[in-house]
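Just below is one structure, and these are the notes that go with it.
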Amino acid sequence: MGRWYYRNYYTPAAPREVKGGIKAQTKRGGFGQSWWAKRWIAVLESFNIGARLGRGRAYARRGQVASIAIGKGSVTAAVQGTRSKPYSVAITVKTLSGPEWAKILKALSEQVIFAAKLLAGEMPDDIEDVFRQQNVSLFPVKLKDLQTSCSCPDWSNPCKHIAAVYYVLGEEFDRDPFLIFRLRGMDRDELVKKLGEAHGHRERKEGKLDRGIEKPEPELTSASDPLPEDPDIFWQSLVLARTEEKEVSIPPQSAALIKRLGNFPLWRGREHFVESLERVYSAASPIGLDIYLGK
Amino acid sequence: MEELARVLAAAVPEIRPEKKRFQDLVAWLPTRAGEAIPSSPVIGEQPPKRGKAKLRPWIVTAYQTDWSEAVDLLCACSRKRVLAPGIVLGNDLSYWTEGLRFAGALVARQQYLPSIEADEGDFRAVWAPVYLGDDSEVLMQLERTMPPVARALSDIGSPEATGTPAIDRLKTFLKGTLDHLVRLACREEWSVRKKATGTAFESIHDAWFFALRSQDDLIRGDKLELAALAESVCNWARPISVTALSPLRLCFRLEEPSMSEAPKRGRPRSSEESWYVRYLLQPRDDLSLLVPVEDSWSNSVAKSVSRQMTGAKVTEYLLTSLGQASSVCREIAASLKSARPGGFTLDPQGAHDFLTEKALLLRQSGFGVMLPAWWTGKGTKVRLSLSPRVKSPKMKAGSGLSLGEIVQFDWEVAIGDEKMTLQELKSLAALKAPLVSIRGQWVEIDPDHIQTAVDLLSRKAQERVTVRDVVQLALGVKEAPRGLPVEKVKATGWVSTLLKQLEGSSGLVDILPDPAFSGELRPYQLRGLSWLGFLSQWGMGACLADDMGLGKTVQTLALIQRYRRSNGKKPVLLVCPTTVVNNWQKEAFRFTPDLPVLVHHGASRRKGTGFGKEVAKHAMVISSYGLLHRDLKLFQDIHWSGLILDEAQNIKNPETRQAKAARSLNADYRIALTGTPVENNVGDLWSIMEFLNPGFLGSQAEFKRKFFVPIQAERDPQAAERLRRITGPFVLRRLKTDRSIIADLPDKMEMKVFCPLTKEQASLYAAVVKETEEELKSSEGMKRRGLILATLSKLKQVCNHPAHFLGDNSAIPGRSGKLARLTEMLEEVLQIGDRALVFSQFAEMGKLLHEHLQEMFGIEVLYLHGGVTKQNRDRMVERFQDGPDGPSIFVLSLKAGGTGLNLTAANHVFHFDRWWNPAVENQATDRAFRIGQKKNVQVHKFVCAGTLEEKIDEMIEQKKEIAEKIVGAGEGWITELSNKDLKELWKLRKEALGE
């Protein structure tokens, strides 16, 4: 997972404004659209930290979270508060043990839907039941599942900075269902590979395969293709086989591909990601149709 | 460089070439004996075929366009062969126009994503195409058809041809054009953005978004941050890029319930049947292979599905795809709750939802979808339909019936061909199922439609409408209540006769030409006359689109004459291109000599109040398209009996002034004549139909929405069928090759083509005559003979073309009436795939024709003259005669090509200038009209009206048999004429001038 590097910003006010911080896209109401993001937020809200919750939410919306890095079982972030130097926030999540994972994977592989939904970018609805049946919890529930710290002078833990990071993570959950698995100690690629194996591909264990579907397939061809010398072929004086005519119409729903992929990870832009793109797609369609029709 | 700049400027006014963007590049071209082999004979002679061709570098001047210029240029080139006279499109350029259309389709269907690309240390924001489903097949098809020349350019100094693979060039092109098209959608923001370029962005995401929507794609920001952004963009798009690039495709096949038990007749089946949707895997490189997903969960089968993927990858692809599909269709999600899913079952309602909605959604997401053959995509072929039943008495001759007549009718309901009773409909309505099987055939029926039908049938009162409404219902112009389709109007009595006649299933009342008609109509021309008469009588417009040479003119003249006899003295207005005004006048004089004809043309035409009076004295007014607009006021003040447009393709663009003017005139009947197949060009049809039968195709916007876009963009056969149903009754097009026509046609038809002179030609002509007459006074004997022959030759040259007379290599287009007409006629010849010989007695004129025709049409034109070697001549003849791809036009000098050759591939012979000896002309004509000719031959003899050409033509016609004798020796006899006779011979008459 990528890391974000930031310069030190000169900020006079309190809390100091962060230019281009990670701004939560949720405008009002609860954070996190999906049930699993809500589930994550619910853990924080169960701590009963009162007004700090609201402040943390405001921080998240204003973009006070300047950077964030997510590793297996841990999250570190820089949050801009009132001091010139951002505070460091760390969240540690208890990872599951090897035998626990083994049980879970076996149970998950009994229904194709779990692997399929996860790969398509969605958390399967009843995945928690599978965990529960193995006496394991997917989301941290108890306080000891989750350790938080912040370098701010506030004594209370979780403080508003931690809460802010929590909310930003909540949005990231929306987009990436593998995030909770990573926090529980299992990387996406590892998980995909193991679920794939469970569907009957045990015999091949070469290093190549281990990468799973990490990178798209290589380009179809890239070898050089020498030009023909025969002038008849070279100029191809035959009339072109017209590309097969296919139905072309403007889709009733704009920006379907964008909607399928969902929000951009940790979006820090001023504009709303999906809405602005939708405008571009709607405006471009008629132009494309005119070009296709030869006008 | 100047030339390239000139061509670019001529092609695309938007391009303003900058000097610094011209550069020298190397093109690797097939070369033989030190000469590059030209791509087409249009642009150069083929070097002799000695030795093997080798690729050699040639330095060429190139102009580096940006994507915006490239798109403008390709739009200008779309589906053309010639951009402007002399600018012929190469195969590569035509190829890229197809590429651009594909990019346009991707943009229209929104198959692209915002992306970011590393470029020599910088990062650029791009809109990247996504090739899902069928698009990846189109991509591969385009890759296969790319002409190698499209990738032959490389930088100067490269030791060998780069050989960039076609797919790379293609992808670069598609990415560039698509990116530009999407940016165009943001162009309103460009100016604002330009100003903001200097400001810093709050985040790298803002910088990316900014660069995506401005003209400049460079993203400004920290390089490390940008690299990280590029990675996260790649991760974000992964769920789609994985499926887009996969060599496999997941398909869904809807399978009908097995019909093991034959249902009882008449009892609709619908409930308790289960349909099945089967999951299948299909490799893109072998679409015939379909592997059921049920089996592919085992590794050994999975491995065999694709050559490019490991078994594990196949499973991963399958899981990802099923996961994506499951959010489109909840039945898929449900099916995945097992270890090895292979499909799911559906009830009829579910099957209907799948057909109408989910299949579309899945297809849109890039999956393959296979549906039963009876499903057409817009519904089933069999559907519920209404038939109004109209009762009317038998038609009585001359009963004065019109479309305004009121009739009564009842509704009748059918599904497919089966008539449904109210009782049956009620039981269907009770089922409330959208898919029912009636006698073994699955049918989609909207339960609301059934209810509407039940309501209509239950109603007691009859409906009263005009016959015009009935006609419009029958043709599908109008819809029945609540949008129900009207399949067929059933009628009795005269309304039935009228409808059958319109649809062509019942014979028309024969109309015979007026006794005063001087000439003989062939059987198909009589049919044409009856058809024109039928539509005219009912006040409906007709488009007669017979092939060139079948006699649209005589049929029209016979109609005008007939109509004048029966419908009083109102005049007819005939509008045609300037080049055929003379022809109409001559033909009218020949076939309908009793009709007074007024040519409203030229500077001396009547204007103001005198016009009306003058018109009243005539049966027919001939004018041109240019004047139709300029003298519109005059024309509008008269109520015309008929309004006839010749070469009606002149109003195909409804926005032009002549099209608007034509629509604004008053006339009892309207006729459009054209030799080009209008019915094949959906875009042009609206304007002509709107002129003929206003409102039948709806407004222009409605037409675009209901017909043009569905037919052109969506390939909707039903829309095409609807359009044919509405327009069919009003278009009559017979081809020379139709069996019934061939039988009626003589093997050889000779026609004179009377052409006007341009102003330039007329003044040159007058100058030559004046000069000669001065000299003639003082010359005698040999000198006189020489002078006369030289003058004849000069005058013929002037009639041919000013550049021919002046011999100064000056510009060609727009200066000769004959050449303009020849070009128009050859265009029709080419459009219908015929071949033509063009003879001239002048070698210089032949050369001029050869060059001009090649430049106008962008195709190879053969030219045979005295300087061609026997070997080359034989080769030309062979190429002209052989195969479907040979050249279509052959220009010959009369001397070199007039005898001996066998050119039966041609069925048109044009004599561009006249030889006073008919025998010589006939001999030339016989190159095509001889044993081996399988088609009818049309001979077009060009004559400049009002000049000596016409005069001599008359003399030959009048005394043909004498002419054979005296003219036999050539033109010598003319020199024996007296000065007075000569003066009469070459006098320029008023009608010569076309302007």
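A short reminder: the numbers here are calculations on the coordinates, not readings from a lab. Because the structure is predicted, anything quoted here is derived from the model rather than measured. Backbone-built Cβ (ideal geometry, glycine too); neighbour counts: all protein chains shown.
Quick look at the values:
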read-out	value
Separation between Cα centres of segment B:837-904 and segment B:543-562, rounded to whole Å	32 Å
Local net charge near B:L697, Cβ-Cβ under 9 Å (Lys/Arg +1, Asp/Glu -1)	-1
Burial ranking of peptide ranges B:861-871, B:653-663 (average Cβ count within 10 Å, highest at the top)	B:653-663, B:861-871
Alpha-carbon Rg/Rh ratio, for segment B:521-587, with Rh computed the Kirkwood way	0.95
Per-residue Cβ neighbour rank within 10 angstrom, fewest leading, A:S109, B:S623	A:S109, B:S623
Rotationally averaged projected area of segment B:47-120 (alpha carbon convex hull; nm²)	9.1 nm²
Packing-based order for B:825-832, B:578-585, using average beta carbon neighbours within 10 Å, highest first	B:578-585, B:825-832
Value of relative contact order over segment B:1-133, rounded to a whole percent, pairs C-alpha under 8 Å and six or more apart	19 percent
Segment A:31-99, dipole about Cα centre (Lys/Arg Cβ +1, Asp/Glu Cβ -1), debye to the nearest 20	160 debye
Unmatched cysteines, chain B - criterion: no other Cβ of a Cys under 4.7 angstrom	B:C75, B:C77, B:C186, B:C234, B:C251, B:C329, B:C543, B:C576, B:C755
Dipole moment magnitude, nearest 20 debye, the protein assembly as shown about Cα centre, only Lys, Arg, Asp, Glu C-beta charged	2420 debye
P(r) weight above 19 Å for segment A:244-295, C-alpha pairs, percent	39 percent
Antiparallel DSSP beta bridges within the protein assembly as shown, as percent of all bridges there, nearest 5	60 percent
Taking N as its residue count, the alpha carbon Rg of the protein assembly as shown over 2.2 N^0.38 Å	1.17
Listed peptides A:248-254, B:157-163, B:665-671, B:895-901 by packing density, highest first (mean Cβ within 10 Å)	B:665-671, B:895-901, A:248-254, B:157-163
Shielding of B:710-719 by partner chains, average beta-carbon count, 10 Å	3
Around B:G898: net Lys/Arg minus Asp/Glu count, Cβ-Cβ under 15 Å	+3
Inter-chain shielding of B:178-187 (mean C-beta neighbours from other protein chains, 10 Å cut-off)	4
Using alpha-carbon coordinates, inclination of helix B:422-431 to the longest axis of chain B, degrees	40 degrees
Degrees between helix B:2-11 axis and first principal axis of chain B (Cα, 0 to 90, nearest 10)	80 degrees
Shielding score for B:201-211, defined as the mean number of other chain Cβ atoms within 10 Å	6
Net charge of neighbours whose Cβ lies under 15 Å from the Cβ of B:G781, counting Lys and Arg as +1 and Asp and Glu as -1	+1
Estimated 222 nm signal from helices in chain B, with DSSP H stretches of n ≥ 4 weighted -39500 (n - 2.57), rounded to 500	-12500 deg cm²/dmol
Mean separation of Cα contacts under 8 Å (6+ apart) over length of chain B, as relative contact order %	8 percent
Top positive-direction residue, dipole computed over chain B with Cβ charges, set B:V88, B:A166, B:P694	B:P694
Cross-link pairs B:K586/B:K796; B:K488/B:K935; A:K38/A:K103; B:K80/B:K706; B:K570/B:K941; B:K586/B:K987 - those with Cα-Cα distance over 29 Å	B:K488/B:K935; B:K570/B:K941
Simple Cβ-charge dipole of segment B:747-829, Lys/Arg +1 and Asp/Glu -1, about Cα centre, in debye nearest 20	260 debye
Over 25 Å (Cα to Cα) - which of B:K419/B:K478; B:K818/B:K895; B:K652/B:K934 fall in this group	B:K652/B:K934
Folded to 0 to 90 degrees: helix B:552-566 orientation relative to chain B principal axis, Cα	80 degrees
